[in-house]
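Undergrad: Quick one: this structure, given as structure tokens, is what I'll be asking you about.
The values are calculated or read from the model by the stated rules, or taken from the named source; none is laboratory data. These numbers come from a predicted model, not from an experiment. No Cβ is skipped: glycine too gets one built from the backbone with ideal geometry, and neighbour counts run over all protein chains shown. Note: accessible area is taken over every heavy atom of the protein model, side chains too, but ligands, DNA and RNA are not part of it. Shrake-Rupley method; radii C 1.70, N 1.55, O 1.52, S 1.80 Å.
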Amino acid sequence: VADVQATTFSNDGNEPQPQAAESSAAAVSQDFAQTSASAALGDKDAQVALGDMYKDGTGVEQDYQAAMKWFLRAADQGDPVGQRKVGVLYEYGYGVTQDYSTAMNWYLKSANQGNAQAQ
């Protein structure tokens with residue numbers, strides 16, 4: 001779904017004032033806060049989502065090491081998506097020393113649980 005930006009004009013009618021960007025940023029910030037809270041409480045899906053936010057820099061400064069921390073928390077609970085994403089970070093050396101063997105081990109853990117992307 002496309003994000004439609006509403007534009008209003010200042011009192012003199014000459015300066016456009018974007019509104020959607022502000023509301024979108026607030027929504028991302030609120031989403032980050034809610035996801036962080038759920039992740040801290042042990043929600044595996046939230047931990048993976050928070051890892052993605054850190055990996056992609058969505059709502060927070062990009063930080064591969066923080067992404068790894070959250071992916072590992074999910075992976076350590078047996079989450080196949082978290083396991084695969086740990087493998088991705090090792091495969092490409094994002095936030096860690098690139099290590100294909102370690103990446104493969106994580107991919108195999110995920111694949112053995114039926115994760116098609118890891119397979």
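Undergrad: Taking into account only those residues within region 12-36 that are hydroxyl-bearing (Ser, Thr, Tyr) and under 14 Å from the mean Cα position of the chain (by Cα), which is modelled with the lowest pLDDT?
TA: Ser29
Undergrad: Could you please find all residues in region 47-72 being open to solvent by less than 10 Å² (accessible area, probe 1.4 Å) and free of Cβ contacts under 8 Å to residues at least 24 places away in the same chain?
TA: Leu50, the sole residue that qualifies.
Undergrad: Suppose the filter is at positive phi and either out of contact with any Leu (no Cβ under 8 Å at 6 or more places or on another chain) or touching a residue at least 40 places away in the same chain (Cβ under 8 Å) (or both); does Gly95 pass it?
TA: Taking the combined requirement at face value, the residue does not satisfy it.
Undergrad: Can you name the residue in region 37-46 that is open to solvent by less than 60 Å² (accessible area, probe 1.4 Å) and of a type in the set (A, V, I, L, M) and, of all such residues, is farthest from the chain's Cα centre (by Cα)?
TA: Selected residue: Ala37.
Undergrad: For residues in region 88-119 being among the polar types (S, T, N, Q) and in a loop (DSSP other than H, G, I, E, B), which is farthest from the chain's Cα centre (by Cα)?
TA: Asn112
Undergrad: Among (1) hydroxyl-bearing (Ser, Thr, Tyr); (2) over 27 Å from Ala116 (Cβ atoms); (3) in contact with a helix residue (DSSP H, G or I) (Cβ under 7 Å, 6 or more places away or on another chain), where does Thr58 come up short?
TA: Failed condition: (2).
Undergrad: Considering each of Ala118, Ala75, Ala103 in turn, give the residue that is free of Cβ contacts under 8 Å to residues at least 24 places away in the same chain and either buried (at least 18 other Cβ atoms within 10 Å of the Cβ) or at positive phi (or both).
TA: Checking each option against the conditions leaves just Ala103.
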